[in-house]
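Enquirer: After the structure tokens below, expect a handful of questions from me.
The values are calculated or read from the model by the stated rules, or taken from the named source; none is laboratory data. For clarity, every value in this text was computed on a predicted model and none was experimentally measured. As a convention, Cβ positions derive from the backbone with ideal geometry for all residues, glycine included, and neighbour counts pool all protein chains shown.
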Amino acid sequence: MKLTSTVILSFFVFYACSSAESEAEVSFSTLGSEEYPQMFYMEYVPCQEGVYYTAENFRNNVLPEWQDLLVEVNSPLVSSYGIQHFQRLNTDQEDGFWQLIWNTKKEAEAAWEIWNSNENVAEWTENTSDILSCDEEQKFSFDAYIARAGDTFGEFDSGDFVSEYYQCLYQEGKEGKDLREIINQLEAFLDSAQSLPGPFSYVILGPDYESDEVDFFWGNFYQSEEARKAFEAEWQKLGPDVEDNWDMVSNCQEPRYYNSAEVPTS
């Protein structure tokens, strides 16, 4: 799945041109279908850059063997992305996240069990830790929902883009059905707002973990920071009622911005 359909370490931005060839048969899944909306399962694994991290070292020494290992374990992973803080805050413990996208939670859990029992995976993890290390025990998992294809406002290049995430709580008395009404209003608005610059896509993430700090995350995706600002300027000019209704349903923190890119699985 391209993040034209959804979502991520500029330390991954430059590797997309490199992939490892393998003669082994691969049975990777195809996310969803051509029909929208779609639902899937998404995980964010926090990562730290090691002392030998460079984009080139990742591309040449981490990525190819990871791709081969996916084939070896016959992984059902649909796609993956890298996400790096656009502006890192003092509260950020990680350098970024490795984002994994699966069709279902069941597939994800089964894949992790096989992955963690593989000796070659353990050796690869140890050998590449000085370049990049990721902590699956601290990963954040979500039920994810996307209402429309990401190329409806123009073709989306998943090799280098900007993502924007809002951490949200429901206003008192509000719940999921109220959020769904806002999504329907947004979709109707987007269908009529031909002047909005694109490409543009968004995703809604429901945490698969207990937290008093978040009811859901809302992620927006743009081709560049300049494109994000242009979209925001036009959005404010149009002044949609949907934004007022949004504020009545949810209370969100200031957005967090990330440099993002697809991590090729093959």
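Enquirer: Which residues, taken from the stretch 55-110, are over 28 Å from ARG256 (Cβ atoms) and part of a loop (DSSP other than H, G, I, E, B)?
Expert: VAL73, ASN74, SER75, PRO76
Enquirer: I've got another one for you. Would you check which residues across the stretch 133-149 are part of a strand (DSSP E or B) and either polar (S, T, N, Q) or surrounded by fewer than 14 Cβ atoms within 10 Å (Cβ to Cβ) (or both) and list them?
Expert: SER133, SER141
Enquirer: Given the criteria part of a strand (DSSP E or B) and either under 14 Å from the mean Cα position of the chain (by Cα) or of a type outside the set (Gly, Ala, Ser) (or both), does GLY206 qualify?
Expert: So GLY206 fits the description; yes.
Enquirer: Any chance the stretch 193-200 includes a residue that's in a strand (DSSP E or B) and out of contact with any His (no Cβ under 9 Å at 6 or more places or on another chain)?
Expert: yes
Enquirer: Let me ask something additional. Of the numbered conditions (1) surrounded by fewer than 19 Cβ atoms within 10 Å (Cβ to Cβ); (2) touching a Phe, Trp or Tyr at 6+ places or on another chain (Cβ under 6 Å); (3) not small (Gly, Ala, Ser), ASN251 fails exactly one; give the number of that condition.
Expert: (2)
Enquirer: Then there's this: Return yes or no: is GLU123 of a type outside the set (S, T, N, Q), at pLDDT 95 or above and surrounded by fewer than 12 Cβ atoms within 10 Å (Cβ to Cβ)?
Expert: no
Enquirer: Between a first residue in the stretch 211-225 that is part of a strand (DSSP E or B) and a second residue that is of a type in the set (Val, Ile, Thr), which pairs have beta carbons less than 7 Å apart while being 6 or more apart in sequence or on different chains?
Expert: PHE216/ILE204; TRP218/ILE204; GLY219/VAL7; GLY219/VAL203; PHE221/VAL7; TYR222/VAL162
Enquirer: Here's something else I'd like to know. Pick from the stretch 154-171 the residues that are part of a strand (DSSP E or B), at pLDDT 90 or above and not aromatic (Phe, Trp, Tyr): which of them is farthest from GLN84 (Cα to Cα)?
Expert: The selected residue is LEU169.
Enquirer: Considering only residues of the stretch 81-97 that are out of contact with any helix residue (DSSP H, G or I) (no Cβ under 8 Å at 6 or more places or on another chain) and crowded, with 22+ Cβ neighbours inside 10 Å, which is farthest from CYS134 (Cα to Cα)?
Expert: ILE83
Enquirer: Going through GLU254, GLU243 one at a time, which residue ends up being farther than 22 Å from ASP151 by Cα and outside any helix (DSSP H, G or I)?
Expert: Selected residue: GLU254, the only one of GLU254, GLU243 that is farther than 22 Å from ASP151 by Cα and outside any helix (DSSP H, G or I).
Enquirer: What number of residues in the stretch 76-105 are more than 18 Å from the chain's Cα centre (by Cα) and at pLDDT 95 or above?
Expert: Qualifying residue count, the stretch 76-105: 0.
Enquirer: Could I ask something else about it? How about the stretch 150-175: which of its residues are exposed (fewer than 13 other Cβ atoms within 10 Å of the Cβ) and either touching a His at 6+ places or on another chain (Cβ under 6 Å) or farther than 24 Å from VAL263 by Cβ (or both)?
Expert: Within the stretch 150-175, GLU172, GLY173, GLU175 qualify.
Enquirer: Has the stretch 172-188 got at least one residue that is under 22 Å from GLN87 (Cα atoms) and at pLDDT 90 or above?
Expert: No.
Enquirer: Let me ask you something else. Within the stretch 218-234, identify whether any single residue is touching a strand residue (DSSP E or B) at 6+ places or on another chain (Cβ under 6 Å), surrounded by 11 or more Cβ atoms within 10 Å (Cβ to Cβ) and over 21 Å from GLU155 (Cβ atoms), and answer yes or no.
Expert: Among the residues of the stretch 218-234, at least one is touching a strand residue (DSSP E or B) at 6+ places or on another chain (Cβ under 6 Å), surrounded by 11 or more Cβ atoms within 10 Å (Cβ to Cβ) and over 21 Å from GLU155 (Cβ atoms), which makes the answer yes.
Enquirer: Looking at the structure I just gave you, is GLU123 more than 30 Å from SER250 (Cβ to Cβ) and acidic (Asp, Glu)?
Expert: yes
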